[in-house]
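The values are calculated or read from the model by the stated rules, or taken from the named source; none is laboratory data. Note that the structure is predicted; figures quoted are calculated from it, not measured. Positions of Cβ are generated from backbone atoms using ideal geometry, with glycine treated the same way; all protein chains shown enter the neighbour counts.
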Amino acid sequence: MKSKSVKRFIASGMFKGSLALGALLSLAVFPEGRTSGKPDKSFESTGNEYNFEELNSEKVTTEWNDSYLFSSRENASEELERLKKKSQDINETFRPKFEMLSGTTLLEYLEAEKAYSKSLDVLYTYAYTQLSKNVNDSFLISLLGSAQDLLTEYKKAQAFATVKLTSLGKEEWNRLFSEEPKIEVYRAYLEANYMRFAEHRPVNESQAAYIAELENQRMKLETEALSEITNKVTKAGEITLENGEKFSINSQSYSTLLSTDPSRENRKKCYDKRFYHLIDESDSMASLYSRKARLDDLVARELNYTDFYDYSLYNLYLTHDQIENMNTVFKQRKDIFENYNEFRRKKLGLDVLKPYDLMLQLTDQPGKKYAYIEALREILKSYSRMNPNFKEIFLKMITGSFIDVYPDPEHGKQPGGYCTDICALKEPSLIFMNYDGLIRDQKTLTHELGHAINFYLMGNSVDYLYCSGTIYEMEIPSTFNEELLVDYVVENSDRNTAVAVLSQQIDDYQNFFTRQPLITEFEYKAHRLCAKNETVSGDELNAIWTDLSKEYRSRSVEYYPEDSAEWTYINHIYLTSNYYTFNYAVSKAITLALFKQYREDLEAFNKNYVAYLSAGSTMPPEEKLKEYFGIKIDRQLFEDAMNVVESRIQELYKLGINWQRTNNS
């Protein structure tokens, strides 16, 4: 549930392996055979709602066709070699000119850097997405590694520009802007990527090259970790089900069984097998993680930050106080979820909840799965009151071979889901899924489609260099999409379905507001331990995870007494963008504030929301929130979010009572 891109690394050394991108030029020009970027006229406006035609299942695609990126592996390899040469050409052209930097030279450099960034973005996207489908493909492993090396060599070759631009004072910047008025359109970009980093910059090219090498090592460790998670950590072996069937546990089958199997004994066996398997894997993952953590903090200190947490907050335009207020509110008010957990316990007819009871779908038929086309129809209907751009982009995505839908873990397909933009080409996004028909999968699908809508609007509204944003900004449209879907289903489905979907949404609130901040706190403490000790064991990290989880988790669930190694399989903690997950909590709190505005004044909200999603990084994130919605990231925002959670739980109880009355009558 994340988004991916590369340009921020090129711009300022802040490669996150997880953000997004696009350009204010013209509507997209698609390669031959693809639909145009012109608005679809197949809807009719009726007041504040839009009537959409029935979805044609024959047009829906379920696999990527990314030949528009590269028609063959050979072409991708050729582009790699071209970019290697181009990097050096840019160095040789601009290095001497930067000694006496003029506004004209700066403009030329920005345009050259943008063109290079686009090409590198496409190459990296091709390598990353293809490797996601088979983490064991030797060609793709090599290509992604080469693309990472290319990023590193480019950073080193252009270190002269980074050092120069981050060292300029206000008077020098004013001179450059006055010399070349055309660079005014890049002022916000230059501010975000160079001007504000005067205190956090490499002081010379040698240090810049050293940092680039460290970043390369961090990227390599991320690739290694994702491979280990796919091939070892999430493959826990076999169990024998009550019916005598052998059941193999991997990332996909584990989630499916715990979500759908009414047999508590089967769920316990599955949970136990992986619980203790993760503990067995914890030493090897601790070794990998400790290497990464030390590199993370080393990079941060080189750039004059206290540690990588400090680095992350600065790059997110957030403060320590804001996140501390958030964590405090969520810990103080976690008991709100006790009423929900009690609802779950009673619905399942249990004396006490165990960890293997928390994922089971609360329906009369927990094993029921929803066909992909059914999920698409529900998502499309959930857009009925949104700006028609939503429907237009949705149809491009689902019919244009932009979504890889189904799981294939046995052939190396990575677990999870993400959305990576193609703003460099002004194409719709590529969405990676492991759709298995669960309610949770429908939510993941609409989540990733939220990213796709955001990226497409940016890509066709602002310059490519502004097609980015902080992590929590990028997660707002995805979490907002989830609220749209839940609201639609609850209002338009039978009560049994409404109870199941609303309860799953409350599960997600519990995830966003307790588990995600917990993961970030774990990263922080684990980083400190790794900085202190040369070697770190799995037991030590398991103890940190368990101690922190006690601060967030429910009192009404009977957890295992042993320390949990649940951290071992969480992809996000191995990303180059550390401390990723608390952004989900920030974004969800903002989303709930936005949803209130959506309900109160639909016309004004739609106008502001499309403008917000289209704006990219043309202004700082909090300024943008205030400009379009009047929202501030403060303690009250998080208090209000928990108030919404409380009201959703009350709504669930009302649905549950009415559902019981209907069944008893």
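Structural remarks
Conditions (1) at pLDDT below 95; (2) out of contact with any Asp or Glu (no Cβ under 6 Å at 6 or more places or on another chain); (3) of a type in the set (D, E, K, R), marked per residue:
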| site | (1), (2), (3) |
| --- | --- |
| Tyr372 | no, yes, no |
| Ile379 | no, yes, no |
| Ile398 | no, yes, no |
| Asp404 | no, no, yes |
| Gly412 | yes, yes, no |
| Arg440 | yes, yes, yes |
| Leu445 | no, yes, no |
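- Of the residues making up region 611-636, just one is closer than 16 Å to Met386 by Cα, among the aliphatic types (A, V, I, L, M) and under 20 Å from the mean Cα position of the chain (by Cα), namely Leu613.
- Flag if Glu646 is assigned to a helix (DSSP H, G or I) and over 26 Å from Phe330 (Cα atoms): no
- Residue in region 255-277 that is in contact with a Ser or Thr (Cβ under 6 Å, 6 or more places away or on another chain) and closer than 30 Å to Lys347 by Cβ present: no
For every residue, the table says whether it meets (1) in contact with a Cys (Cβ under 9 Å, 6 or more places away or on another chain); (2) among the charged types (D, E, K, R); (3) surrounded by 20 or more Cβ atoms within 10 Å (Cβ to Cβ); (4) closer than 30 Å to Arg648 by Cβ.
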position	(1), (2), (3), (4)
Arg555	no, yes, no, yes
Asp563	no, yes, no, no
Asn578	no, no, yes, no
Ala589	no, no, yes, yes
Arg599	no, yes, no, yes
Phe605	no, no, yes, yes
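- Top-ranked residue in region 210-248 [being aliphatic (A, V, I, L, M) and under 20 Å from the mean Cα position of the chain (by Cα); ranked as nearest to Arg267 (Cα to Cα)]: Ile229
- Comparison of Lys246, Lys292 shows that the only residue that is touching a residue at least 24 places away in the same chain (Cβ under 8 Å) and charged (D, E, K, R) is Lys292.
Condition check ((1) in contact with a Cys (Cβ under 8 Å, 6 or more places away or on another chain); (2) polar (S, T, N, Q); (3) assigned to a helix (DSSP H, G or I)) across all residues:
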{"residue": "Glu482", "(1), (2), (3)": "no, no, yes"}
{"residue": "Asp487", "(1), (2), (3)": "no, no, yes"}
{"residue": "Asn496", "(1), (2), (3)": "no, yes, yes"}
{"residue": "Asp507", "(1), (2), (3)": "no, no, yes"}
{"residue": "Phe522", "(1), (2), (3)": "no, no, yes"}
{"residue": "Thr535", "(1), (2), (3)": "no, yes, no"}
{"residue": "Thr546", "(1), (2), (3)": "no, yes, yes"}
{"residue": "Asn583", "(1), (2), (3)": "no, yes, yes"}
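- Each residue in region 520-561 was checked for being within 26 Å of the chain's Cα centre (by Cα), more than 22 Å from Asp272 (Cα to Cα) and small (Gly, Ala, Ser), and 1 pass.
- Among the residues making up region 612-631, those that are touching a residue at least 60 places away in the same chain (Cβ under 8 Å) and assigned to a helix (DSSP H, G or I) are Leu613, Ser614, Pro621, Glu622, Lys624.
- Filtering Asp408, Asp404 for residues that are surrounded by fewer than 20 Cβ atoms within 10 Å (Cβ to Cβ), more than 22 Å from Ile471 (Cβ to Cβ) and of a type in the set (Asp, Glu) leaves a single hit, Asp408.
- Just one of the listed residues (Phe177, Phe139) is surrounded by fewer than 16 Cβ atoms within 10 Å (Cβ to Cβ) and at pLDDT 95 or above, and it is Phe139.
- Positions within region 346-383 being part of a helix (DSSP H, G or I), surrounded by fewer than 19 Cβ atoms within 10 Å (Cβ to Cβ), of a type in the set (A, V, I, L, M, F, W, C) and in contact (Cβ under 8 Å) with a residue 60 or more places away in the chain, in sequence order: Ile373
- Condition broken by Ile431, with the remaining ones in (1) surrounded by fewer than 22 Cβ atoms within 10 Å (Cβ to Cβ); (2) within 24 Å of Tyr584 (Cβ to Cβ); (3) free of Cβ contacts under 8 Å to residues at least 40 places away in the same chain satisfied: (1)
- Qualifying residue in region 225-238 (condition: part of a loop (DSSP other than H, G, I, E, B) and either crowded, with 21+ Cβ neighbours inside 10 Å or of a type in the set (Asp, Glu) (or both)): yes
- For first residues located in region 484-513 and over 27 Å from Tyr609 (Cα atoms), partners that are of a type in the set (Ser, Thr, Tyr) and surrounded by fewer than 21 Cβ atoms within 10 Å (Cβ to Cβ) and lie 6+ apart or on another chain with Cβ distances below 8 Å form the pairs Arg495/Thr662; Asn496/Thr363; Thr497/Thr363; Val499/Thr363; Ala500/Thr363.
- Residue in region 439-457 that is at negative phi and without any contact (Cβ under 8 Å) to a residue 40 or more places away in the chain present: yes
- Pairs with Cβ under 6 Å, 6+ apart, first in region 187-198 and at pLDDT 95 or above, second β-branched (Val, Ile, Thr) and not in a helix (DSSP H, G or I): Ala188/Thr618
- The one condition from (1) without any contact (Cβ under 8 Å) to a residue 60 or more places away in the chain; (2) over 24 Å from the mean Cα position of the chain (by Cα) that Leu140 does not meet is (2).
- Hits in region 402-428 (condition: outside any loop (DSSP other than H, G, I, E, B), under 12 Å from Tyr456 (Cα atoms) and touching a residue at least 40 places away in the same chain (Cβ under 8 Å)): Cys419, Thr420, Asp421, Ile422, Glu427
- Flag if Arg555 is touching an Asp or Glu at 6+ places or on another chain (Cβ under 9 Å) and not in a helix (DSSP H, G or I): yes
- Any hit, region 300-310, residues being within 27 Å of Leu575 (Cβ to Cβ), of a type in the set (D, E, K, R) and assigned to a loop (DSSP other than H, G, I, E, B): yes
- Residue in region 74-84 that is out of contact with any helix residue (DSSP H, G or I) (no Cβ under 6 Å at 6 or more places or on another chain), over 30 Å from Lys164 (Cα atoms) and among the hydroxyl-bearing types (Ser, Thr, Tyr) present: yes
- In the condition set (1) polar (S, T, N, Q); (2) in a helix (DSSP H, G or I); (3) out of contact with any Phe, Trp or Tyr (no Cβ under 9 Å at 6 or more places or on another chain), Asn136 is compliant with all but (2).
- Qualifying residue in region 83-103 (condition: surrounded by fewer than 20 Cβ atoms within 10 Å (Cβ to Cβ) and within 30 Å of Leu395 (Cα to Cα)): no
- Check on Arg333, within 30 Å of Ser263 (Cα to Cα), buried (at least 16 other Cβ atoms within 10 Å of the Cβ) and not acidic (Asp, Glu): no
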